[in-house]
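Asks: Can you keep this structure in mind? I'll have questions shortly.
The values are calculated or read from the model by the stated rules, or taken from the named source; none is laboratory data. These numbers were taken from a predicted model, which means no experiment stands behind them. Here the Cβ positions follow ideal geometry from the backbone for every residue, glycine too, while neighbour counts run over all protein chains shown.
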Amino acid sequence: MNTVGILGGGQLARMMALAGASLGLRFLVMDTARDACAGQFAPMVVGDYVDPAALAEFASRIDVATFDFENVPAQSAQWLVDRIPVFPNPRALGTAQDRLAEKTLFRELGIPVPDFAVADTREQLDEAIARVGMPCILKTRRLGYDGKGQFRLRTPADADAAWDALGGQAAKVGLILEGFVGFQRELSVVAVRGRDGEFRTWPLTENWHVDGVLSASLAPASADKELAERAFAYARKLADALDYVGVFALELFCRDGELLANELAPRVHNSGHWTIEGAETSQFENHLRAVLGLPLGDTRMLGHACMLNWIGQMPDPTPVLTEASGHWHDYGKTARDGRKVGHATLRADSAVELAEALARVGSRLQREAQVAPVIERLAE
Ligand code: ATP
Ligand code: MG
Ligand code: MG
């Protein structure tokens, strides 16, 4: 029997362990927090990712290692590679950990990106503003997630405020200035690549963010075939270039028919949670299949699916559970402002039925604002 080691014990590791149970897999999770939510389903090693003793214990008990978050220090990933198989490889992880390296690679591969420039000093920030123009967005290069470590600039006069907000982190994590994209839609490609290079994608997904945090995802995104093929081709180019093994997501902005790459998430992704009930094979199962060198599962979906994120605290499950194709996911976390604590997926055979189910759930949970943009899209 194979034991899969997962660095990071959040909800992604938890859902991976749940998906792997039916494949007969065992799991070992490593996390710095004793109460990490994946620990409710898998044995844990509690320790710092750079602690050699904790890493050694972890490595001695697993057959293969993977990640539930992208910020595992590169040297820890490398330490593991010298001892056991690790997927995705540390180069892919390292590239995705740094917005500058990531955007540079996108550009090298001919994948369009928003304008960007390094802004590690106050002077560089002024130069970057002159190059990128307004409006723009200053981001930490490393360690940002859920829109944290970002500052939006509307006029050059905002430069001081932006530097006050993020300049203190420049020495440690680096800063990048990006053009602010007035997109009509945000899309993601969730894709999987096997050890043998086989590549598959789930249908294109549209995403809505609130305050930088994913709020809702809809699949399939309404997109003409050419646009979807272009998005898939970008994802494939990236996966091949990085010799990527496992599931990843490529986040894209769609502006006037143009696709601009925002970031690469080197792991299973929140915008792919709908695949648990909405697709023939979920992203979690296919990630495990890829990492273990098993045949990849079919990624087709039936009908339409919408995922709603629960942030801060869990709502009443009843309205979702009473829907014919309503599915509930409670991550077993304690409530905390801004924290992803669970999600729901609604599935339906037609767009009209999905919109109706969303309207019922939105109204019963008093979350009309969360479902409104999805319902609007489904009506187009
Ligand atoms: P994640 O949780 O997806 O890893 P993150 O902290 O890495 O988030 P981004 O994906 O860069 O952050 O940004 C979060 C959201 O902020 C985006 O999904 C988008 O809605 C908005 N955003 C980020 N960069 C830009 C940009 N250059 N132009 C317009 N909107 C942007
Ligand atoms: Mg990110
Ligand atoms: Mg993102």
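Asks: Tell me which of these S271 doesn't satisfy, since it passes every other one: (1) touching a helix residue (DSSP H, G or I) at 6+ places or on another chain (Cβ under 7 Å); (2) within 26 Å of A235 (Cβ to Cβ).
Replies: The single condition S271 does not satisfy is (1).
Asks: Please work out which one of (1) near ligand 1 (Cβ under 10 Å from one of its atoms); (2) in contact (Cβ under 8 Å) with a residue 40 or more places away in the chain is the condition G149 fails and give its number.
Replies: (2)
Asks: Between a residue in the range 48-70 that is surrounded by fewer than 17 Cβ atoms within 10 Å (Cβ to Cβ) and any residue that is modelled with pLDDT of 95 or more and not polar (S, T, N, Q), which pairs come within a Cβ distance under 6 Å, given they are 6 or more apart or on different chains?
Replies: Filtered contacts from the range 48-70: E57/V45; R61/L28.
Asks: A follow-up question, please. I'd like to know if the range 16-25 contains one or more residues that are closer than 19 Å to G293 by Cβ, in a strand (DSSP E or B) and over 22 Å from the mean Cα position of the chain (by Cα).
Replies: No, the range 16-25 has no match at all.
Asks: Going residue by residue through the range 188-199, is there one that turns out to be closer than 30 Å to V352 by Cβ, more than 15 Å from ligand 2 (Cβ to nearest atom) and outside any helix (DSSP H, G or I)?
Replies: Taking every residue of the range 188-199 in turn, at least one turns out to be closer than 30 Å to V352 by Cβ, more than 15 Å from ligand 2 (Cβ to nearest atom) and outside any helix (DSSP H, G or I).
Asks: Quick one: in the range 211-227, of everything that is assigned to a strand (DSSP E or B) and within 13 Å of ligand 3 (Cβ to nearest atom), which residue is farthest from R339 (Cα to Cα)?
Replies: Checking each candidate, the answer is S217.
Asks: For the range 28-75, which positions are part of a strand (DSSP E or B) and either farther than 20 Å from P88 by Cα or over 21 Å from the mean Cα position of the chain (by Cα) (or both)?
Replies: Just the residues of the range 28-75 that are part of a strand (DSSP E or B), to begin with: 28-31, 44-46, 64-67.
Hits for the range 28-75 are L28, M44, V45, V46, V64.
Asks: Turning to a different aspect of this structure: List the number of the failed condition for A241; all other conditions in (1) under 30 Å from D98 (Cβ atoms); (2) within 16 Å of the chain's Cα centre (by Cα); (3) more than 15 Å from ligand 3 (Cβ to nearest atom) hold.
Replies: (2)
Asks: May I pose another question? List every residue pair whose Cβ atoms lie under 8 Å apart, where the two residues are 6 or more positions apart in sequence or sit on different chains, the first residue falls within the range 99-126 and is closer than 17 Å to G167 by Cβ, and the second residue, located anywhere, is part of a helix (DSSP H, G or I) and among the β-branched types (V, I, T).
Replies: Note: pairs meeting the criteria are A117/V132.
Asks: Moving on. Just a yes or no: is a residue in the range 208-215 of a type in the set (D, E, K, R) and closer than 22 Å to E368 by Cβ?
Replies: yes
Asks: Then there's this: In the set N270, N262, N309, which member is within 16 Å of ligand 3 (Cβ to nearest atom), out of contact with any Phe, Trp or Tyr (no Cβ under 7 Å at 6 or more places or on another chain) and more than 18 Å from V192 (Cβ to Cβ)?
Replies: Result: N309 is the single residue among N270, N262, N309 that is within 16 Å of ligand 3 (Cβ to nearest atom), out of contact with any Phe, Trp or Tyr (no Cβ under 7 Å at 6 or more places or on another chain) and more than 18 Å from V192 (Cβ to Cβ).
Asks: Right, here's the next one. Just checking, does the range 197-215 include any residue being surrounded by fewer than 24 Cβ atoms within 10 Å (Cβ to Cβ), away from ligand 1 (no atom under 14 Å from the Cβ) and charged (D, E, K, R)?
Replies: Scanning the range 197-215, I find at least one residue that is surrounded by fewer than 24 Cβ atoms within 10 Å (Cβ to Cβ), away from ligand 1 (no atom under 14 Å from the Cβ) and charged (D, E, K, R), so the answer is yes.
Asks: Give the range 211-229 a look and list any residue that's of a type outside the set (G, A, S) and closer than 14 Å to S271 by Cβ, or say none.
Replies: V213, L214, L218, P220
Asks: Has the range 86-96 got at least one residue that is farther than 30 Å from F253 by Cβ and assigned to a helix (DSSP H, G or I)? If you could, list the steps in order and put the result at the bottom.
Replies: Taking the range 86-96 and keeping what is farther than 30 Å from F253 by Cβ, we get 86.
Now restrict to residues that are assigned to a helix (DSSP H, G or I): none.
No, the range 86-96 has no match at all.
Asks: Continuing with this model, one more query. Hey, any hits in the range 166-175 for a residue that's surrounded by 14 or more Cβ atoms within 10 Å (Cβ to Cβ) and not in a helix (DSSP H, G or I)? Steps first, answer last, please.
Replies: At the first step, the residues of the range 166-175 found to be surrounded by 14 or more Cβ atoms within 10 Å (Cβ to Cβ) are 166-167, 169-170, 173-175.
Pick out the ones that are also not in a helix (DSSP H, G or I) and you get 174-175.
So far as the range 166-175 goes, yes, one or more of its residues are surrounded by 14 or more Cβ atoms within 10 Å (Cβ to Cβ) and not in a helix (DSSP H, G or I).
Asks: Separate question: If a residue counts only when it is at positive phi, in contact with a strand residue (DSSP E or B) (Cβ under 9 Å, 6 or more places away or on another chain) and at pLDDT below 95, which helices (runs of 4 or more DSSP H) contained entirely in the range 291-380 have at least 2 such residues?
Replies: Because the criterion is at least 2 residues that are at positive phi, in contact with a strand residue (DSSP E or B) (Cβ under 9 Å, 6 or more places away or on another chain) and at pLDDT below 95, no helices (runs of 4 or more DSSP H) in the range 291-380 meet it.
Asks: What number of residues in the range 176-196 are more than 17 Å from Q283 (Cα to Cα) and within 13 Å of ligand 1 (Cβ to nearest atom)?
Replies: Final tally of qualifying residues: 11.
Asks: Go through (1) assigned to a helix (DSSP H, G or I); (2) in contact (Cβ under 8 Å) with a residue 24 or more places away in the chain; (3) hydrophobic (A, V, I, L, M, F, W, C); (4) surrounded by fewer than 20 Cβ atoms within 10 Å (Cβ to Cβ) and name the single condition A157 misses.
Replies: Only one criterion is unmet by A157, namely (2).
Asks: Quick one: in the range 127-154, which of the residues that are within 23 Å of G10 (Cβ to Cβ) and basic (K, R) is surrounded by the most Cβ atoms within 10 Å (Cβ to Cβ)?
Replies: K139
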